[in-house]
Amino acid sequence: MDKNCLFCRISRGASSTDFLFENEMLVVFKDINPAAPVHLLIVPKKHIRSINDLSDDDRPILSEMLMVARDMAAQYEVAKSGYRLFFNVERGGGQVIFHLHLHLIGGWNKR
Ligand code: AMP
Ligand code: ZN
């Protein structure tokens, strides 16, 4: 827990952000500035700065993030039409919140 970290505060329920999903490892909420009709963030509760900072012990977290992304894609009806999953890594990669998060975007053409 980093008390100056926005996603630590959000994932601990210390903000008004609504969770679309929560379990012991992670939370999912809508991106405040969506880049697509569906734009979700899958965020571990553990403070990890970026993909670069993952340790071997974090394998279950990463695996859970992907499995929950799969489920959220189905729930938000973009699984069949298609979607993108991505991590921005450090400033040069477009990361602005330095707490690991997986973007799920889709819903442009739900056919
Ligand atoms: P990144 O560029 O990968 O670090 O992405 C950070 C994302 O967090 C951006 O898409 C922002 O729109 C989003 N974001 C920032 N603050 C909030 C917030 N309070 N609630 C939801 N999403 C946020
Ligand atoms: Zn954090």
Compute the accessible area per residue over the chain, keeping the other protein chains in place, probe 1.4 Å, unit Å².
59 Å²
Binning every alpha carbon pair distance of the chain at 5 Å from zero, what are the percents per bin?
2, 12, 23, 25, 21, 12, 4, 1, 0
Using a Förster distance of 30 Å, how high is the FRET efficiency between residue 87 and residue 16, based on the Cβ-Cβ distance and rounded to 0.05?
0.70
Amide H contacts of residue 50 (H built 1.01 Å from N, under 5 Å, at least 5 apart or other chain):
100
Within-9-Å neighbourhood charge of residue 105 [Cβ basis; K, R +1; D, E -1]
0
Is the range 49-111 rounded, prolate or oblate when judged by the Cα gyration tensor, a ≥ b ≥ c being the square roots of its eigenvalues, rounded requiring a/c under 1.5 and prolate requiring a/b larger than b/c?
oblate
In this structure, the FRET efficiency calculated for residue 74 and residue 1 from their beta-carbon separation, with R0 = 35 Å, to the nearest 0.05, is 0.65
Quickly estimate the mean residue ellipticity at 222 nm for the chain, helices only: each DSSP H run with n ≥ 4 gives -39500 (n - 2.57), and the total goes over all residues, rounded to 500.
-6500 deg cm²/dmol
Once you keep just the Cα pairs under 8 angstrom separated by 6 or more residues, what percentage relative contact order results for the range 6-106?
32 percent
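The values are calculated or read from the model by the stated rules, or taken from the named source; none is laboratory data. Keep in mind it's a predicted model, so treat the numbers as computed, not measured. Every residue, glycine as well, gets a Cβ built from its backbone with ideal geometry; the counts of neighbours run over all protein chains shown. When the accessible area is computed, the model is the full protein with side chains, heavy atoms only, and any ligands, DNA or RNA have been set aside. Shrake-Rupley method; radii C 1.70, N 1.55, O 1.52, S 1.80 Å.
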